[in-house]
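Below is one structure, written out as structure tokens, with a few remarks after it.
The values are calculated or read from the model by the stated rules, or taken from the named source; none is laboratory data. Just so it is clear, the model here is predicted, and its values are computed rather than measured. Ideal geometry is used to build each Cβ from the backbone, glycine not excepted, and the neighbour counts take in all protein chains shown. For accessibility, only protein heavy atoms count, side chains too; no ligands or nucleic acids. Shrake-Rupley method; radii C 1.70, N 1.55, O 1.52, S 1.80 Å.
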Amino acid sequence: MIKKLLIFIFLVVLSLKGLSFSRMEIEDNYKQLTGEELLFLDITVITPARKEQCIIESPSAIYVITSEEIKHLESITFGDIFRMVPGVHFGHTNSAYTLVGGIRGFHKLPAQKAVLLINGELWKDESYAVPDIQLPISYKEIERIEILKGPGSSLYGPNAMFGVINIITKKPEDTHGNLFSVTGGENDTYIVTFLHGGQLKNKIDYRLTLEGNQIGNRDYIALASDPVLQQYKINTTIDYEINSNSKLSLFASHGYSEKKDIIVQSGVLPLREAEAHKISLVYNLHNPNIVIRAYARMSNKPKIFYGDSPEMGSKFIDFQHILEPFAKHTIMWGINIGDEFTDAEGYGGRREHKLSGLFLDNTYEINEKTILNGGFRFDKHSKVDNTLSHRISLQFFPNNISGFRFTWGTSCRNPDFGETYLDANFKIDPLYYIHITGNEDLKPEKASVFELGYRTQPTLKCFVDINLFYSKVNNFIHVIGTNQYSYNASLGGTVIEIPQVNLGIAQQYGTELEIRYKFSEYLDGIINYTYLKQKALDNNIADVLVMTPKHMANIQLKAKLKNNLAIVSSMHYKSSTDWIELLWEDLEMDRGNTTSGGHADSYVFFNLKLNYPLTNNAEFVLSCFNLFNTRFDDFPLDTSDIARRVTGSFNIKL
């Protein structure tokens, strides 16, 4: 199957390579394109090289979701935003928590081999070292989202193993005025958002955002809350133009979750009165090109009716400098220093890690058609071995509308606090428990990735993006069963020892293919497909690879009628997966238990969204997630499936 697919893609690339246009022809044609069509090749990105560059010159595979696309997506939850991105899957565990999967395979719950940034700054759950999907911002503030697919550790450090998600918000100067939005619908869903922006004394631009949201769960899950999320947030962004050469930016946020369910493979953490705070100060100097940022995040110790929940936080200082010391060379270098901590009884009290990193990246324009990029990063960790990551990329542009890219990179992931220190028992059936213990001698996971990419816009109506990649992971971290067991009288059952270990080596072959086509002035479409083939090179790792789907595919059609009514329909397919089975016992009200894990069947479901502008400043939106109510699981739960959700929204700019 994979050989036939690779041959097919190779033939497609050869056929497209023959389509060439002169520079004058390309420029004349681009003048006829709308802003949305220009996204194909003429968009500026930051994440692939930590500096602005044209998307076609990116040294890594990169995907961009614009604010316009977010508006047209069924985007109530974090995972909904990424449904159309090839190679990316953040699936549902309940109506609100969408962190099953990952980027480019080796899926897990929660996804742990990618990092989430907001304007280049980490936003994560320090305990599990995973993205914190309860964002401190509103979706209404997002300008675009850049998804780097592939090794990102050479620029962004450990945990950027197979990808980086960078959410870039709108500048305060672009959001003057007021915006009010209200959304309501099934599953006790509501979102109320208010944005206010303005300017003071011609030098200070600001934005203030307030939002409250709630999402309920239609089915029953042991230990879970209902609603599963009830959250309020406030944030402010202030830009101060010191002079024509420098700017100071401040961001501060406070989030309060009356209820917030976090779901991991071992069970539900139904948190109450959880708070998260962030403050960030960024100094931008244009000449020389220097960015200095200091930011900190703090989460309180929320209430939980059983067990223990962690208090956690982090603080970092980053320095970055971009210069051109020689002709055709652009060098970017920087350092970052910080620490992160968690404090929980299950981790043995307060635990803290000191972190530091040094990175260097050089882009060399060999000639008009060839660019060479190379860089490395050295990271020091107070608990585990130091790591060295690199990326080398060679790009060739046969004409102005297409480019070939070969990338070789290495990346890493440090063991998180849970994998290092956790000491807890979990019930798997009425008479048996597993005792999961952390391991302070774990080594970082390491990956080596080879990629071949091709991106082209052969006609004004068509865009094609193809990526082939091979990944090899060493020191894969996971729990492993043992023959050590004993009877525990206080628990009333037999306890099996399950330690965290470095399992061994696994490899993966993958393909991503996307085609965008504009059928007419009123209709355009997207189709993409992802193939992932994983193989265990050590027998004890095979059981953890079946959590990754082999096939994923998406289709989207967007129609914009003469009355400006926009209709967006999409189809999403994912092949079957398998997960370790556990029993989640209801400890609060004895309402019944939930068995998690097992086999998750393949599925196909459809979304539909209608955007109708009432006036130039107001619109009504009707959204339907899972249009035909196809009950499916991304992570199997015997008492709950993912079902249809219909919502309506009203947005007005004042």
Once amide hydrogens are built 1.01 Å from N within the peptide plane, the residues lying 5 or more places from T595 or on another chain with amide H under 5 Å from its amide H are W584, D638, T639
Expressed in angstrom and rounded, the centroid-to-centroid distance over alpha carbons for segment 185-239 and segment 556-631 is 20 Å
Listed by chain and number, the residues whose amide H is under 5 Å from that of G163, excluding neighbours fewer than 5 places away on the same chain and using placed H, are V115, G150, G152
Which residues qualify? For S602, with a placed amide H closer than 5 Å and at least 5 residues away or on another chain, they are S576
Diffing segment 151-160: the Karplus 3J(HN,Hα) column from phi (6.51, -1.76, 1.60, θ = phi - 60°), in whole Hz with x for Gly and Pro, holds x, x, 5, 5, 10, 10, x, x, 5, 7
Ranking W333, W123 from most to least accessible area with a 1.4 Å probe gives W333, W123
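Among the listed pairs K171/K303; K113/K140; K315/K380, which have their C-alpha atoms separated by more than 24 angstrom in this model?
Working: K171/K303 36 Å; K113/K140 27 Å; K315/K380 16 Å.
Exceeds cut-off: K171/K303; K113/K140.
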Rounded to two decimals, the Debye log10 I(q)/I(0) of segment 77-126 (Cα scatterers, no solvent) at q = 0.15, 0.30, 0.31, 0.32 Å⁻¹ is -0.38, -1.26, -1.27, -1.28
Of the convex hull enclosing the alpha-carbon atoms of segment 44-112, the direction-averaged projected area in nm² is 5.3 nm²
Computed over segment 40-177, the convex hull of the Cα set has an average projected area, in nm², of 8.5 nm²
Sequence order, segment 253-258: Karplus ³J(HN,Hα) from phi using 6.51 cos²θ - 1.76 cosθ + 1.60, θ = phi - 60°, Hz rounded, Gly and Pro as x, gives 9, 9, x, 10, 10, 4
Over all Cα pairs of segment 260-374, the Kirkwood radius sets Rh, and Rg/Rh then becomes 1.19
Among the Cα-Cα pairs of segment 504-591, the proportion with separation greater than 19 Å, in percent, is 62 percent
Of the listed pairs K278/K354; K259/K558; K170/K560; K233/K427; K51/K558; K124/K247, those with alpha carbons more than 30 Å apart are K259/K558; K233/K427; K51/K558
Rounded to a whole %, the carbon-and-sulfur portion of the accessible area of segment 40-157 at a 1.4 Å probe is 46 percent
Quick P(r) readout (segment 450-609; Cα-Cα; 5 Å bins; whole %) gives 2, 7, 10, 12, 13, 12, 11, 9, 8, 6, 5, 3, 1, 1, 0
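Among K301/K653; K260/K574; K369/K518, which pairs are too far apart, with a Cα-Cα distance over 30 Å?
Cα-Cα > 30 Å for K301/K653; rest within.
Sorted by average packing, counted as other Cβ atoms within 10 angstrom per residue and highest first, what order do 454-464, 620-630, 483-493 take?
Averaged packing, sorted descending, gives the order 454-464, 620-630, 483-493.
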Asserting the computed 222 nm helical MRE of the chain (DSSP H runs at least 4 long, -39500 (n - 2.57) per run, divided by residue count, to nearest 500) equals -1500 deg cm²/dmol
Cα extents of the chain per principal axis, largest first, Å, are 81, 54, 52
The percentage of the accessible area of segment 342-456 (probe 1.4 Å, all protein chains present) made up of carbon and sulfur atoms, to the nearest whole number, is 57 percent
Helix 2-17 sits off the longest principal axis of the Cα atoms of the chain, rounded to the nearest 10 on a 0 to 90 degree scale, by 20 degrees
Taking only the Cα positions of segment 548-638, the convex hull volume per residue in Å³ is 144 Å³
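Skip the ligands, DNA and RNA, and give the accessible area per residue of the chain with a 1.4 Å probe, whole Å².
Details: 26760 Å² over 654 residues.
Value for the chain: 41 Å² per residue.
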extent check for segment 136-274: Cα max minus min per principal axis, descending, whole Å, gives 57, 40, 23
With all protein chains present, segment 502-654 has a carbon and sulfur share of its accessible area (1.4 Å probe) in percent of 55 percent
Segment 449-543: spread of alpha-carbon positions along the three principal axes, whole Å, largest first, is 72, 30, 14
A correct Karplus calculation of ³J(HN,Hα) over segment 637-644, with 6.51 cos²θ - 1.76 cosθ + 1.60, θ = phi - 60°, whole Hz and x for Gly and Pro, returns 9, 6, 10, 8, 10, 8, 10, 5
Taking every DSSP bridge whose two residues both lie in the chain, the antiparallel percent to the nearest 5 is 95 percent
Filtered hits (aspartates and glutamates, Cα-Cα < 20 Å from K562, offset >= 8 within chain) -> E36, E37, E68, E69, E521, D524, E619
